[in-house]
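Visitor: Can you keep this structure in mind? I'll have questions shortly.
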Amino acid sequence: MSKRTLFAGFDVVATMDADGRELRNGYVLVEGNRIVDVGDDAAGIEADEVVRGAGKLLLPGFVNTHHHLYQSLFRNVPGASEAKLFDWLVFLYERWKGLGEEAMRVASTIACSELLLSGATTTTDHCYLYPRDGGNVLVADIEGAQAAGIRFHPCRGSMSLSKKDGGLPPDSVVQTEDEILADCQRMIERYHDPEPLAMLRIALAPCSPFSVTFDLMRESVKLAEETGVLLHTHLAETRDEEAYCLRRSGMRPVDLMEELGWLRDDVWYAHLVVLDDADVAKLSSVKVGMAHCPSSNMILGSGIARVTEMKNTGIKIGLGVDGSASNDTSNMIREVRQAMLLQRVHYGADALTAREALRMATIGGARVLHREDEIGSIEVGKAADLIAFDLNDIALAGAHADPVAAIVHCAVDRVDFAMVNGDWRVRDGRLVDESILDLIPVHNRLSKELTGAA
Ligand SMILES: [Zn+2]
């Protein structure tokens, strides 16, 4: 029989289920990789291991819906830190083009570990950079994430439109449509796991309207339909992108996606900042997913997404930290706080509550990835993806009247523990596999080589 772990006596178990149940003195029983019981009195329940929860808050693990893991190598790069999106991209492509397998593997492990420490138990990675001499970076990406032990949704990204054809990236990082589609097919066959509680699922993700051909967008939809995988891309991030789409196609971004067959419920978009009312209605009617990335939108000065207006539409909203070249951190609990704060800047103090932001980071993200039956809430039958915060953290002193809101309102930035699929990844605020920390100097050396390479 599988190992039974009982999480007992937690001050609060915030389930994030449909009723938003919060159990005082709550317990969760895990068997193997699944939750088998949830309640508020653990008396008489036997288990192989008992995890005591006095002074702690238990939550479902966070789901990070947008990232570029390789970018932890490109944090805080002078020359990029104060640039808006298009200038930022053109500057960084010249550094990114040196990426190879070793750097990708190390960056993936480091970024996923930072996500785990800050509460994410599932992450996506929009991996769109395949330098000509870089080897197979997506395989290295997967190996790196597996070493960290996170539930992983790598997106086989792509760029097929270089400068000479009117796009933004340099020639050496774009591929032909045939190369891209063949590799997409190969990666799905080799890695995509459709089984319940899968640790690894592939999505297809042409990078953005300004770096791929329209033909590739259409072919990606066909391949996703044939293979049953999700689709992802960046959309409506900035005014510059809107102007670019109008110039190239005569259409604004959402209309262009409609033309290309991308308004579907198995698509999720990163950003969706620059939208008018008709765009929101279109996206809502087909129930697309959205990765809201508030820190990235603030750092690049892209704008404020209309989350407060969109939260009660058909659009599924999750949160994303986005790549560390446009956020400089992979900290998920901090992103939850940023989401709450940014909406209030525009819409007022009651725009978004701490609990609404936490729901976006959990069950909202699960819905974006079509996994709301498996992850994103603490319910019987779901995956044992659990995180806890220590309410005795100095940052939470005096905030105990509402422990759930406290982790968003106050400055907590690290979990007490994180379990993924029944396996411990963080305990006592530290990575269980501390050998991962030995990668930090390697990561620093690679980062220096790459950022100095241009
Ligand atoms: Zn992005």
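Visitor: Among 221-232, 432-443, 80-91, 285-296, how do they line up by average Cβ neighbours within 10 Å per residue, starting with the highest?
Guide: Put in order of decreasing packing, that is 285-296, 221-232, 80-91, 432-443.
Visitor: So how many Å³ per residue does the convex hull of the Cα atoms of the stretch 374-454 work out to?
Guide: It comes to 161 Å³ per residue, whole-number rounded.
Visitor: For the stretch 1-130, count the residues as N, evaluate 2.2 N^0.38 Å, and divide the Cα radius of gyration by that value, please.
Guide: Output field value: 1.49.
Visitor: Rounded if a/c is under 1.5, else prolate if a/b beats b/c, else oblate: with a ≥ b ≥ c from the C-alpha gyration tensor eigenvalues square-rooted, which is the stretch 1-46?
Guide: oblate
Visitor: Place a point 7 Å from the Cα of D402 along the Cα-to-Cβ direction; which residues of the stretch 319-342 have their backbone N under 15 Å from it?
Guide: Only 337, 340-341 fall inside the zone, counting backbone N under 15 Å.
Visitor: Related question: For the pairs K56/K382; K3/K311; K316/K448; K311/K382; K56/K316; K222/K448, note any where the Cα-Cα span goes beyond 32 Å.
Guide: K3/K311; K316/K448; K222/K448
Visitor: Further question on the same structure: Among T362, T65, rank each residue by its count of other Cβ atoms within 10 Å, from fewest to most, as a rough exposure measure.
Guide: By the 10 Å Cβ count, ascending: T362, T65.
Visitor: Within 10 Å of each residue's Cβ, count the other Cβ atoms and sort C207, C245, C112 from fewest upward.
Guide: Ascending Cβ contact count within 10 Å gives the list C245, C207, C112.
Visitor: Find the relative contact order for the chain and round it to a whole percent, using C-alpha pairs within less than 8 Å whose residues are 6+ positions apart.
Guide: Relative contact order, the chain: 21 percent.
Visitor: So, counting K/R as plus one and D/E as minus one, what does the shell of residues with Cβ under 14 Å around V420 add up to?
Guide: +2
Visitor: Under 8 Å for C-alpha pairs, at least 6 residues apart: give me the relative contact order for the stretch 145-236, rounded to a whole percent.
Guide: 32 percent
Visitor: Another question, then. Taking a temperature of 25 °C and a viscosity of 0.890 mPa s, what whole-number D in µm²/s does Stokes-Einstein yield for the chain with Rh from Kirkwood over alpha carbon pairs?
Guide: Value of D from the Cα-based Kirkwood radius: 112 µm²/s.
Where a number appears in this text, it was derived from the coordinates with a stated rule and is not lab data. As the structure is a prediction and not an experimental result, all values here were calculated from the model. Glycine also receives a Cβ, built like all others from the backbone with ideal geometry; neighbour counts cover every protein chain displayed.
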